[in-house]
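First up is the structure itself, then whatever we jot down about it.
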Amino acid sequence: MFNHEQRESIILKPFHKRLLYLLIVIFALFIVMIFRLSFLQIVNGDEHSIEATSKADKYIPIPANRGKIFPREGGTPIADNKSSETAVFTELEEMKMEDYVELATKLEKILNVKREEILAKMDVGFAFKLDKNGTYVLDEKGNPAIDKIPRYTARFLEKDLKMGLSDKEVAYISEHRTELPGIEAKSKNVRVYDPRLVAVQAIGYVRPYNVATTTSGFLYNFYYGKNNIYTPNQPVGYDGVEFTYEEYLRGVNGKKNFQISSDGSIQNYLKQEDPIAGNDLYLTIDSRMQVEVRDYIKGVLPSIRANSGAQGTRNVYAVAMEVKTGKIVSMVSFPEYDPNVWVTGVNNDVFEQIRYYVNNGTIQSAPYDVSPKKEQEAVDEIERHPTSIVPTGSTIKPLTVLMGLAEKAILPNDVWQDPAGGFRYAGSASDIVRNDKSHNYGTLTPQRALQKSANTYMARIALKIKEKYDIYAKKNYKDNPAIYIMQKYFHAFGLGVKTGVPLPNENAGVEDFITTNSTVSPLAAMVQSSFGQQERFTAMQLAQYMTTMANKGVRLQPQIVDKIVDKDGKVVKEFQPKVMSKITLPEEAWETVEQGMYAVTQGDGTASWVFSSFPYKFGAKTGTSDQDIYVPVKDAKGKVTGYKYDRSVANGVFVAYGPIEDPKLAVAIVVPEGGYGGLSCGTIAQQIFKSYDKYYGLGPAKNTASTK
């Protein structure tokens, strides 16, 4: 018999043997694994390290649809998006410099675009070398030389070469794919603008993001470093409303995520995030009214030239602003141009045709329309004409009278006899102010002085205010603060300061009286300013000035967007009237000036005929500003060595608001070289008020139309 120990040994012996075999196998596997890992680490380590780090998660942005821009009344968008056939380029892995040049050369004939422009848009790190005249520089073999330049975008991104392809171009690209490596014709959304050309300078335009980042100034500062927000060819706001409200209009781009290798080839698609469309804008501008006023201006210009004898008149700038809200309902900078030219890309020839119309002359300096002249001939001609910012002329006189009343230089019941031969305001024989055509208006009150536009009366007010502040002058009366008192009143009405209109590049106007104050005398500055010869302001500033006058000192910010809505029609932001400043003056001062401005539209007032057909009372002031034109003198090398007198011109200016009992609309018009403001601007003002009355109502019978 077996004892217990012998029996246990017999039972466990086979188990121990199997366990030993298992341990040997496990040990062998560990040896193989260690050997393999060592091989990968030591022998192939560098190779796998490169492979591991070369793969990266990337994404292709999916551009969001840009928000639309609607007029105040709704309906057809002023700025919209439409599908356009576009030639696009996607770089292939095996392509080299010679391939890019050959492809650009082929596309030059197919797309009718210069090959240097195509190569630049391909963004492959090469460019044709051109001299300062734009001529090809040749290499030693007589071929166009090629420069190596930095890439601006990743190689795997698609680049747009030309938008708006014709059916013939699309067909050719589709049929010759094998001959055009990396080239496709695709449908893409592009920005389009209303063919009626509605307030084109105020709306602005778009250009590709990568163009914006190569500019300078406000565009560069705004767009630089936002590559994570935009695609290189994504349209971005370049001017006007398109720029100011870019953050609302652009939307949020989507993403198509994928994995790429170190050579830029796509390895694997991962997921997609859909884009979110931009918000839509509803402007304060009524497109019906805008088009009516613009078309009227276009049609009336020939008669303005004929009637005023101002044969050079070609430009008109007009702004209509609601008194209670600050909303701009019409804003004309004429001549206009078709902003759709920016969509397909503006070359030098196209830019030469539109460059004089791009600036918004109602808020900034816009040049004289010199078409069809070009290049240096155009530059020389522009220098012989005023810009859109001209002296105010007599339109400043209501503020001069108001200032005189506020400073107690005159009283509401003031009576003064217009002096024969003009008003002598200083000791020199040349220090005389005369009325237009040396008229003597007899007995003048503040109201009568405004009605007849008496320069002499305004000069008298200026002299009295200057004398009031003589006591504060410390030496030789050179530091008399009177001119800065006048400036304070100007600023309170939006003159000499920016109005706050939400558009880029607004000009604050020119206060020539500040220079005259220091270089000539405080008295000369005050007197010349009092009737509008020492200050130059924009049409927008003049409109804000009239709105402030109608609001009795409350200066409102001009509004150009009424509301912003999302893709579902939900209001994202709605704009309310914004007070910029207030000035408090005696009620009798406001009433006196209002009576004088109403008198301008009555009897023998300078604008009586303008409002004779209306059943409402208006306050208005005409203006005619004389302006001396000086042109540069250049040496043989073209360097400016000085300036010489060329000629004098008379500019037409006009401001008005009404109805007086319940003011609804203020208007300002500037016609450079238009002659008398009553003649050149009066009919335009009449048309603006008629159009507003037609759609919104000036009297109590109609309510202000709401935005749809």
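The values are calculated or read from the model by the stated rules, or taken from the named source; none is laboratory data. Quick caveat: nothing in here was measured; it's all calculated off a predicted structure. Every residue, glycine as well, gets a Cβ built from its backbone with ideal geometry; the counts of neighbours run over all protein chains shown.
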Determine whether Asp123 is buried (at least 16 other Cβ atoms within 10 Å of the Cβ), touching a helix residue (DSSP H, G or I) at 6+ places or on another chain (Cβ under 9 Å), in contact (Cβ under 8 Å) with a residue 24 or more places away in the chain and at positive phi. yes
Taking the range 92-113 and keeping only residues that are part of a loop (DSSP other than H, G, I, E, B) and in contact with a strand residue (DSSP E or B) (Cβ under 9 Å, 6 or more places away or on another chain), one is left with Asn112, Val113
What number of residues in the range 282-313 are outside any helix (DSSP H, G or I) and more than 29 Å from Ile69 (Cα to Cα)? 5
Taking the range 83-105 on its own, how many of its residues are surrounded by fewer than 16 Cβ atoms within 10 Å (Cβ to Cβ) and under 24 Å from Val346 (Cβ atoms)? 2
Every residue from the range 415-451 that is closer than 25 Å to Tyr598 by Cα and either touching a Pro at 6+ places or on another chain (Cβ under 6 Å) or among the polar types (S, T, N, Q) (or both): Gln417, Asn435, Ser438, Asn440, Thr443, Thr445, Gln447, Gln451
Look at Lys578 and say whether it is under 29 Å from Arg66 (Cα atoms) and at pLDDT below 95. no
Give the residues of the range 662-679 that are of a type outside the set (Gly, Ala, Ser) and farther than 13 Å from Gly393 by Cα, sorted by residue number. Asp662, Pro663, Lys664, Leu665, Val667, Leu679
I'd like to check something: does the range 557-571 contain any residue that is at pLDDT 95 or above and assigned to a helix (DSSP H, G or I)? no
Taking Tyr489 and the conditions (1) touching a Gly at 6+ places or on another chain (Cβ under 9 Å); (2) not in a loop (DSSP other than H, G, I, E, B), which numbered condition does it fall short on, given that it satisfies the others? (1)
I'm trying to understand the selection: among the residues of the range 218-249, which are assigned to a loop (DSSP other than H, G, I, E, B), at pLDDT below 95 and out of contact with any helix residue (DSSP H, G or I) (no Cβ under 9 Å at 6 or more places or on another chain)? Gly225, Asn228
For the range 687-695, does any single residue satisfy the condition of being surrounded by 15 or more Cβ atoms within 10 Å (Cβ to Cβ), of a type outside the set (Ser, Thr, Tyr), outside the structural domain of Ile396 (by TED's automatic domain parsing) and closer than 19 Å to Ala449 by Cα? no
Counting only residues that are more than 19 Å from Gly677 (Cβ to Cβ) and in contact (Cβ under 8 Å) with a residue 24 or more places away in the chain, the range 279-319 contains a total of 16
It is to be established whether one or more residues within the range 667-677 are more than 30 Å from Glu383 (Cβ to Cβ), surrounded by 15 or more Cβ atoms within 10 Å (Cβ to Cβ) and not assigned by TED's automatic domain parsing to the domain that holds Met540. yes
Residue check: is Val170 part of a loop (DSSP other than H, G, I, E, B), at pLDDT 85 or above and β-branched (Val, Ile, Thr)? no
Options Thr313, Thr344, Thr392; residue that is modelled with pLDDT of 95 or more and either of a type in the set (Phe, Trp, Tyr) or in contact with a Lys or Arg (Cβ under 9 Å, 6 or more places away or on another chain) (or both): Thr392
Tell me which residues, restricted to the range 369-384, are within 16 Å of Tyr630 (Cα to Cα) and touching an Asp or Glu at 6+ places or on another chain (Cβ under 7 Å). Arg384
